[in-house]
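Working notes for the structure below.
Taken together, the values in this text are just the output of simple stated rules run on the coordinates, not laboratory data. Computed from a predicted structure; not experimentally measured. Here the Cβ positions follow ideal geometry from the backbone for every residue, glycine too, while neighbour counts run over all protein chains shown.
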Amino acid sequence: MIAYRSTHGPVTFAFTDRFGGASDVPFDDFNLARHVGDEPAVVERNRATLARRLGLPERSVVYMNQVHGADVAVVDGPWPADEDPPAVDAMVTTRPGLALAVLVADCVPVVLADPGAGVAAVAHAGRPGLAAGVVPAVLEVMRQAGAHDVIAQLGPAVCGRCYEVPDALRAEVASVVPAAWATTRQRTPALDVPAGVRAQLEAGGAVVVPGGWGPEGCPCTLEDVAYFSYRRERVTGRFAGIAWIDGSGIGPAVQG
Ligand SMILES: [Zn+2]
C-alpha cells in the first residue's frame, strides 16, 4: 500500500509498494498500471483504493502514458474521461489537490516540488529517460511555472550493483551522464540510474531530500520483493510515486 510518505510544507510525497491491492498473479497485488496486461476493472479498483488511502478524490490522481522520453505535460485538472493520457514522462502542476502519479518497476520514480512556490511534479526516469534528459526537462518546466527552490526525492528503483548492461550501453549512457557509470557485484558493466538522476537533479539546482526508508536506504526493486521489478519478473505490475499540493476543489476536466 503506502510504503512511505513525507510532507514538505503544503506538499506531500508518497510511494506505494505491491501489497494491499486486488490484482492476481503475476500482478499481485497492488498493480496501478493499465498497460501491463492486468484486468482493467481490477486496476481501477486499485487506483480507487490508492486515492482513498491518500485522502484524495479518485479522479484527482492523474497518471501518464509513459514512453521513456523527455516530454513534460503541465496539468491543471484530471484528463478528460474519454481520452487517453498524453504520452509524456513527466508532469508539472500548480493546482492544489491534484495528485501526479508516476508508475515504475525498476525505473526511477522522481517526485519534486517547490513547496513555497506551490509547484509539484513527477518524472519517470529509466535508462532511456536518463539519457534523454527527462530530469533537466521537468526542472525547466517547473521553473517556467514559478519554481525556484526545488526539492526532490527518488523512490525504489533497480540499483547500480544489480543493473547489468552491455559494456557499450554503459559507455553510451555514461558519456551523457557520467554518474551513472557502475559495476555489478559480479564486476560486470552496469548502470546506476538513481545516481545519474541524482546528479542531474543537483546539476539543475534541486536539493535531493532523503527519504525515510530506514538504515538500508531507498530499496532496490530487484532485491526487495515488496516492489515490482521488471528485471526480476518480466510480466509484473507497477507501483507509484505521487506528489501533490494540499487542497481540494478539482473542477471540470481541463488540461493546460
Ligand atoms: Zn540492487
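Is the stretch 2-245 best put as rounded, prolate or oblate by its Cα gyration tensor, with a ≥ b ≥ c the root eigenvalues, rounded for a/c under 1.5, and otherwise prolate when a/b is larger than b/c, oblate when not? Because a/c hits 1.5 or more and a/b fails to exceed b/c, the stretch 2-245 counts as oblate. Along the charge dipole of the stretch 2-245, pointing to its positive end and built from +1/-1 on Cβ of Lys, Arg, Asp and Glu, which listed residue (A22, P166, A190) has its Cα farthest out? Sorting the options by dipole projection puts first A190. Checking every one of the trypsin sites (Lys or Arg not before Pro) in the stretch 130-216 against DSSP loop status and a limit of 12 other Cβ atoms within 10 Å picks out R185, R187. Of the residues T188, T16, T183, T49, the one with the fewest other Cβ atoms within 10 Å heads the list, and the complete ranking is T188, T183, T49, T16. Annotation: the residues R5, R234, sorted from fewest to most other C-beta atoms within 10 Å of their own C-beta, follow the order R234, R5.
Close amide H partners of T221, meaning residues 5 or more places away or on another chain with modelled amide H under 5 Å apart, are A157, V158, C159.
Most tightly packed first, judged by the mean number of other beta-carbon atoms within 10 Å of their residues, the peptides 214-227, 118-131 read 118-131, 214-227. The length gained on full extension between T188 and A87, counted as 0.36 nm times the residue separation minus their Cα-Cα distance, comes to 33.0 nm. Each Lys and Arg Cβ is given +1 and each Asp and Glu Cβ -1; about its Cα centre, the chain then shows a dipole of about 360 debye.
Across the chain, the relative contact order, built from alpha-carbon pairs under 8 Å that are at least six residues apart, equals 26 percent. Does the stretch 134-230 come out rounded, prolate or oblate, given a ≥ b ≥ c as the square roots of the eigenvalues of its C-alpha gyration tensor, rounded meaning a/c under 1.5 and, failing that, prolate meaning a/b above b/c? It is oblate, given that a/c is not under 1.5 and a/b is not larger than b/c. Take 201-211, 107-117 and order them by the average number of nearby Cβ atoms within 10 Å per residue, most first; the result is 107-117, 201-211. This ranking places I242, I151 by how few other beta-carbon atoms lie within 10 Å of each, fewest first, which gives I151, I242.
Extension gain for the segment W213 to D29, taken as residue separation times 0.36 nm less the Cα-Cα distance, is 64.1 nm to one decimal.
Using the alpha-carbon centroid of each, what span in Å lies between the stretch 179-199 and the stretch 1-75? Their Cα centres are 27 Å away from one another.
First check a/c for the stretch 170-217, with a ≥ b ≥ c the square roots of the eigenvalues of its C-alpha gyration tensor; if it is under 1.5, answer rounded, and if not, answer prolate when a/b is larger than b/c or oblate otherwise. The shape class here is oblate.
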